[in-house]
DNA sequence: AATAAATCGGACACACTGTCCGAAGAATCA
DNA sequence: TGATTCTTCGGACAGTGTGTCCGATTTATT
């Protein structure tokens with residue numbers, strides 16, 4: 001039984017590995033040329049598998065795209081989680097949150113841009129995702145909500161309707177990411193993050 | 001000669017009329033079901049013309065989409081221009097600018113969402129559009145720039161690098177539009193506009 | 001009525017999607 | 001080792017959409 005189980009696990013690992021392999025290729029190609037301009041043939045060829053094999057892993061094109069975006073979001077959340085736990089002061093948390101997102105964005109702007117652009121199509125598939133701050137993801141909306149409330153209770157931020165405050169902060173971040181993603185030569189990350197953060201903080205301070 | 005000219009003009013009018021007819025149908029369908037989910041057949045049928053006729057007016061699918069977006073942007077600019085000329089005080093200008101954009105957005109959220117989402121794909125075709133604030137369009141970026149500079153010279157706004165100030169304002173507006181466009185039941189327009197405006201103003205005040 | 005232009009409708013080649021299946025290969029088990 | 005099971009391969013397939021083309025038909029102009 002133990003052998004059987006480990007065998008199954010190994011298979012799952014291999015399966016996941018290949019899956020990720022395809023996802024990585026797809027993500028790159030989608031980012032380079034846009035979702036509609038890349039055929040399943042190309043993705044399969046570039047990933048070194050048969051086209052029919054891709055369909056073993058992903059039911060269809062949409063699901064592959066969904067997987068690409070899901071993967072990106074996960075990486076984003078992972079990379080932010082560390083800094084998030086380290087800082088507890090609200091203003092600093094906002095700073096590192098924005099810095100972390102920019103960092104991730106700079107890592108793969110092409111696909112990030114695509115993600116921002118494609119969000120609609122993807123979220124309409126999964127009913128769990130609300131419309132507000134759909135892109136940035138509910139987790140990040142939660143983080144923003146959290147840091148805002150802390151800021152209010154410590155007297156740093158002025159009190160507002162929490163949902164609205166979260167929305168305003170998220171809007172600014174969303175906009176900043178969108179703009180940065182489509183800039184050919186974005187300004188230095190640290191500067192951009194500081195600038196956006198200070199602007200938001202001005203809007204929040206008591 | 002005069003007759004010939006008027007004849008040509010009439011033809012142009014008819015041509016433009018039919019063109020717009022197709023654009024309106026396409027815009028509706030694209031908005032309802034997304035760009036990739038609507039065939040040229042459907043658009044032609046719905047517009048009451050033959051498919052081959054559509055190809056007389058638009059070289060291909062992309063160009064039709066481009067025309068749809070162009071039309072929307074034009075309508076947006078037109079609807080804003082009036083208010084813009086009426087107000088001269090910077091804070092008030094910002095208010096009416098944002099209000100005007102929200103108004104236009106509420107008018108056809110589905111396609112507006114699509115426009116926000118599709119912007120990338122479209123602007124990459126026309127080299128004239130810069131990366132910064134690509135969506136909102138250079139004209140609107142110019143308006144923002146203008147009102148910011150006026151605000152600074154009247155001592156209302158604190159001095160910053162004008163490009164950065166414009167970018168920050170634009171980002172917030174862009175984000176607010178994106179979020180509003182994807183909300184099922186957006187909060188009342190006046191409230192939303194006021195809220196966003198105040199938030200931005202707080203970031204700008206001296 | 002004659003002429004010119006726009007539209008129609010359908011045929012065409014081409015490309016891509018998603019499905020299917022038998023053959024070949026690799027890993028696992030007895 | 002040989003038998004079994006799982007995965008991948010490669011190609012065939014129907015279905016759908018795109019963009020092009022052209023002769024026939026309608027509509028406007030003179």
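The values are calculated or read from the model by the stated rules, or taken from the named source; none is laboratory data. Source: prediction; values computed, not measured. Virtual Cβ from ideal backbone geometry, glycine too; neighbours counted across all protein chains shown.
Restricting the first member to the stretch B:48-59 and to residues that are over 17 Å from residue B:20 (Cβ atoms), and the second to residues that are more than 6 Å from DNA strand C (Cβ to nearest atom), the beta-carbon pairs closer than 6 Å and six or more apart or on different chains are B:51/B:40; B:51/B:41; B:51/B:44. Filtering the stretch B:36-62 to residues that are surrounded by 15 or more Cβ atoms within 10 Å (Cβ to Cβ), near DNA strand D (Cβ under 6 Å from one of its atoms) and within 14 Å of another protein chain (Cβ to nearest Cβ) leaves only B:61. Any residue at all in the stretch B:51-58 that's modelled with pLDDT of 95 or more, near DNA strand C (Cβ under 10 Å from one of its atoms) and assigned to a loop (DSSP other than H, G, I, E, B)? No, the conditions are met nowhere in the stretch B:51-58. The lone criterion from (1) surrounded by 15 or more Cβ atoms within 10 Å (Cβ to Cβ); (2) away from chain A (no Cβ under 14 Å); (3) within 15 Å of DNA strand D (Cβ to nearest atom) left unmet by residue B:100 is number (3).
Filtering B:70, B:92, B:75 for residues that are at pLDDT 90 or above, out of contact with any helix residue (DSSP H, G or I) (no Cβ under 6 Å at 6 or more places or on another chain), more than 14 Å from DNA strand D (Cβ to nearest atom) and under 30 Å from residue B:146 (Cα atoms) leaves a single hit, B:92. Criterion applied to B:64, B:73 was being within 16 Å of DNA strand C (Cβ to nearest atom) and in contact (Cβ under 8 Å) with a residue 40 or more places away in the chain, and the one residue passing it is B:64. The set of residues in the stretch B:47-67 being within 24 Å of residue B:113 (Cα to Cα) and in contact with a helix residue (DSSP H, G or I) (Cβ under 7 Å, 6 or more places away or on another chain) consists of B:47, B:58, B:61, B:64, B:65, B:66, B:67. Scanning the stretch A:168-206 for residues that are in contact (Cβ under 8 Å) with a residue 60 or more places away in the chain and more than 8 Å from chain B (Cβ to nearest Cβ) yields A:169, A:177, A:180, A:181, A:186, A:189, A:190, A:192, A:193, A:194, A:197, A:201. Within the stretch A:139-183, restricting attention to residues that are under 25 Å from residue A:70 (Cα atoms) and part of a loop (DSSP other than H, G, I, E, B), the residue that is farthest from the chain's Cα centre (by Cα) is A:183. Does residue A:24 qualify as being out of contact with any helix residue (DSSP H, G or I) (no Cβ under 7 Å at 6 or more places or on another chain), outside the structural domain of residue A:106 (by TED's automatic domain parsing) and at pLDDT 90 or above? So residue A:24 passes the test.
For residue B:156, the requirement of being away from chain A (no Cβ under 13 Å) and crowded, with 21+ Cβ neighbours inside 10 Å is not met.
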